[in-house]
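Have a look at the structure below, then the notes.
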Amino acid sequence: MDIVVCVKTNPDLEMVRVKDRVAQTEGVPYKIGDLEKNALEAAVALREAGAAAKVTALCLAEGNRKAAEDIKTALAMGADEAVVVDDPALADPDEAAVAAALAAAVKKIGACDLLLFGEGSSDNYTGQVGARVAELLGLPQIGYARKVEAADGAVRCERSMDDMIETVEAPLPAAVTVVSEINEPRIPGLMQIMKAKSKPLQVWSLADLGLEAPAPVREIVSNLAKEQDRKHIVFEGTAAEQADAFVDALTREGVLGR
Amino acid sequence: MERVECIVVGGGLAGLSAAYGLAEAGVEVMVLERGDYSGAKNVTGGRLYLKPIRDIYPELWDEAPFERPVARELVTMMAEGAHTTVEIASDRFTAGAPQSYTVLRARLDQWLAEKVMEKGAMVVPNMKVDELLREDGRVIGIRAGEDEIGADVVVVAEGVLRLLSSAAGLATQPKARHHALGYKEVIELPPGVIEDRWHLNPGEGAAQLFMGECTKGMMGGAFLYTNRESISLGIVVGMEDMRRRRDGTESWQLLDEFKELPQIRPLVAGGTVAEYSAHAIPEGGISQVPRLAGDGYLVAGDAAGFCLNALVTVRGMDFAVAAGHLAAEAIKRAKAAGDFSAAGLASYEGSLRSSFVLRDLETARTIPSFMENPRLFTHYPRAVARLLESVYTVDERPQDGLVKKAWKSVRRDFLNVATVKDAWSARRI
Amino acid sequence: MPMKIDAKLGLDVFKLDKEPHIVIDTEVCNTVCTDDACLYVCPADLYERDDQGRMTVNWEGCLECGTCLICCDPRALSWKYPGGPYGVQYRMS
């Protein structure tokens, strides 16, 4: 069984500073998204358990000039090969364009029995791409996977639902999107990082995939959070009095007791 | 054991400079950096003297992400309630190729690391080295976590704390007497405000040092460097003085008290604090420089104690770049001779001795002990203020003539046994 | 009013390890140490004595300057840099 893990690199959100309500991304390093690391870990664990033969990490360079460098983390974590689709036309793609490029790349990679994704990306978290790619490739898709097992031409997943755990099985090839409970991604050691350097890494353009530059179907008008003024109410008195006054105030504001 | 030709421990300016020179010459080199990127764990006051190193890697500096070329230098002597500032704005600081620039390390080091990678070196972030591996006294590689990697030569550019080299017995543990604590706030201000406040032409920068009250008589001072859209404002204080202090003063409060002074408040008004950082500074001078090369290793940067606080000029980053470069040169020679023993690497120390790095540290040999004189931080700032206050004061009494006023003050504060002794001990700084 | 030290530290990025990188041998603090230097040299004000008189350090907010280590003559501190992707990360400095 061959596994392809779709990974997205995005700015390390912890490192983004906000100045005058604008995110300062200059100099902020890119890294592989948290849930994508879970997906990678799941794939490598399947290979290490003998359930998979090869793990390929697939990444789109969405205007991130260093994706080919950043994807080496996936190789250091244990992926066998990496493919980067790097094209200026992917500078700010919407989910449809991302899914189209990924689906085309998966086809070009060829051997792919299990396609793994993070449930959502660390920056935008639209949670659409896994399902869209599955649809484009005509694959069954399992979301919110907290456990993945593959055997006898099928993938069996535990799905993390709000109030239950659902166990679902699908015939391979299939697509699975994972959540963070699935595992604790490894932090690669120096030796693994050094070995990653010599693993195969291919860079393709959209033209290599037979795709044209995507026409944007969405326009971001604003993504600023609504500015809210604080109420600046200070409660005096004993702890009990303060608590009562606090509850009263919250009730007045309509936050409590609706 | 996996091997590379050269491992550089620490991706700061010394380590990156060494790696750049080595990668350029085709030496297989791997830089191991603890931070998320080079610069993520580094702190500068803020200023790099570029002039001494401009000819090292001359192709690099034109595109370096410096903040502002320093056009205006200020030194402020702080007495209680009275500050005296000496200021010079010289065309010669900036004409043609400016001699110094204010910098922020996250930007500068990250940029240099990219240049190093372009030359073919590997720079590995988030990689802490846990041990220098030794065999029969020779450094043979490093251990990071569970991985041991061998190398012909290790450049130890691990920074001021020397955790690895002291654990390996290659250097002594840092002592309070020879170190200062530096810490600062980066305070955002619009460029136009910075230029108005420090009387700067657009794009130009100022450097201002303060001594006296700001450290409450302890060795050290305050500093202010103007960046493009912020200022770096901080305190340097000698660790020995600080820990001997028993009056309840906590180190971190010095900056707050400094910022609240009526003379300083207008400089920071309207600014937004954006970052708070701290670092130890090696201030022991040349007497505290450890052995610089041995079998299989070289030491550079803060780990080698290459830092010079000469009261009005404070240097370290230029030494780091120069030492890194000379380390690379020595390693190239050692590689050609196939000899990475102490003898094979000995040219490193020789070239440092004939370069400005050890020459300037040698010239300043007496400064660290001179600076242990507390009168420098108490009496003199006060005396200067008293002198100028006396000549500028007008009150209801009949006034002495200018010269008489000044002379009275000079006689009282500058002509006595203690100050003559101080002048004598200062003759060689 | 000056900014609180906690608020200043709040401007920095700290990536937290599960293990502390500073461990205090409080026995040494209480028997050998005479000056409690760590309480007032730390630029992040991380050291304090708890109500049982034990020296403690809020290592999570450590700026990794090493001042406490250098100033601790009795060697009560086992002090290492945080490993892996952990510890303070400066974005300007």
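The values are calculated or read from the model by the stated rules, or taken from the named source; none is laboratory data. Please read all numbers here as calculations on a predicted model, not as lab measurements. Don't worry about glycine lacking a Cβ; one is built from the backbone with ideal geometry, like all the others, and counts go over all protein chains shown.
Listing for the model above:
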{"read-out": "In segment B:41-60, the residues that are out of contact with any strand residue (DSSP E or B) (no Cβ under 9 Å at 6 or more places or on another chain) and either small (Gly, Ala, Ser) or closer than 23 Å to B:Gly10 by Cβ (or both)", "value": "B:Ile53, B:Ile56, B:Tyr57, B:Leu60"}
{"read-out": "Positions within segment B:378-429 being among the aliphatic types (A, V, I, L, M), closer than 20 Å to B:His83 by Cβ and either surrounded by fewer than 14 Cβ atoms within 10 Å (Cβ to Cβ) or in contact with a helix residue (DSSP H, G or I) (Cβ under 7 Å, 6 or more places away or on another chain) (or both), in sequence order", "value": "B:Ala383, B:Leu387, B:Val391, B:Val394, B:Ala406, B:Val410"}
{"read-out": "Selection count where residues are modelled with pLDDT of 85 or more, assigned to a loop (DSSP other than H, G, I, E, B) and exposed (fewer than 11 other Cβ atoms within 10 Å of the Cβ), scope segment A:231-254", "value": "8"}
{"read-out": "Check on B:Val160, within 13 Å of chain A (Cβ to nearest Cβ) and outside any helix (DSSP H, G or I)", "value": "no"}
{"read-out": "Search result, residues across segment A:146-166 that are over 18 Å from A:Ala49 (Cα atoms) and out of contact with any Lys or Arg (no Cβ under 6 Å at 6 or more places or on another chain)", "value": "A:Arg159, A:Met161, A:Asp162, A:Asp163, A:Met164, A:Ile165"}
{"read-out": "Residue satisfying all of: in segment A:46-56; of a type in the set (Gly, Ala, Ser) and in contact (Cβ under 8 Å) with a residue 60 or more places away in the chain; nearest to B:Gly271 (Cα to Cα) among these", "value": "A:Ala52"}
{"read-out": "Of all residues making up segment C:24-44, the number that are over 12 Å from C:Cys72 (Cβ atoms) and more than 9 Å from chain B (Cβ to nearest Cβ)", "value": "4"}
{"read-out": "Test: residue in segment B:189-206 that is in contact with a Lys or Arg (Cβ under 9 Å, 6 or more places away or on another chain), without any contact (Cβ under 8 Å) to a residue 60 or more places away in the chain and hydrophobic (A, V, I, L, M, F, W, C)", "value": "yes"}
{"read-out": "Filtered residue count, segment C:40-59, keeping only those that are surrounded by fewer than 16 Cβ atoms within 10 Å (Cβ to Cβ) and either within 12 Å of the chain's Cα centre (by Cα) or among the hydrophobic types (A, V, I, L, M, F, W, C) (or both)", "value": "2"}
{"read-out": "Residue in segment A:73-82 that is acidic (Asp, Glu) and within 15 Å of the chain's Cα centre (by Cα) present", "value": "no"}
{"read-out": "Selection count, segment C:1-21, where residues are among the hydrophobic types (A, V, I, L, M, F, W, C), crowded, with 17+ Cβ neighbours inside 10 Å and either within 14 Å of the chain's Cα centre (by Cα) or part of a loop (DSSP other than H, G, I, E, B) (or both)", "value": "4"}
{"read-out": "Residues of segment A:109-142 that turn out to be closer than 30 Å to A:Leu224 by Cβ and not in a loop (DSSP other than H, G, I, E, B), as a count", "value": "6"}
{"read-out": "Test result for B:Ala207, closer than 30 Å to C:Cys42 by Cβ and in a strand (DSSP E or B)", "value": "yes"}
{"read-out": "Candidates B:Ile142, B:Ile149 - the one that is buried (at least 24 other Cβ atoms within 10 Å of the Cβ) and within 14 Å of chain A (Cβ to nearest Cβ)", "value": "B:Ile142"}
{"read-out": "Test: A:Val85 is touching a residue at least 60 places away in the same chain (Cβ under 8 Å), assigned to a strand (DSSP E or B) and in the same structural domain as A:Asp152 (by TED's automatic domain parsing)", "value": "yes"}
{"read-out": "Strands (runs of 3 or more DSSP E) enclosed by segment B:1-57 - at least 1 residues per element that are touching a residue at least 24 places away in the same chain (Cβ under 8 Å), surrounded by fewer than 24 Cβ atoms within 10 Å (Cβ to Cβ) and more than 12 Å from every other protein chain (Cβ to nearest Cβ)", "value": "B:2-9, B:47-49"}
{"read-out": "Within segment B:259-276, considering residues that are touching a helix residue (DSSP H, G or I) at 6+ places or on another chain (Cβ under 9 Å) and facing chain C (nearest Cβ under 10 Å), the one surrounded by the fewest Cβ atoms within 10 Å (Cβ to Cβ)", "value": "B:Val273"}
{"read-out": "A:Ala196, sole failed condition from (1) buried (at least 18 other Cβ atoms within 10 Å of the Cβ); (2) away from chain B (no Cβ under 14 Å); (3) closer than 20 Å to A:Ala45 by Cα", "value": "(2)"}
{"read-out": "Where A:Glu181 falls short, out of the listed (1) within 25 Å of the chain's Cα centre (by Cα); (2) assigned to a loop (DSSP other than H, G, I, E, B); (3) over 30 Å from B:Val9 (Cβ atoms)", "value": "(2)"}
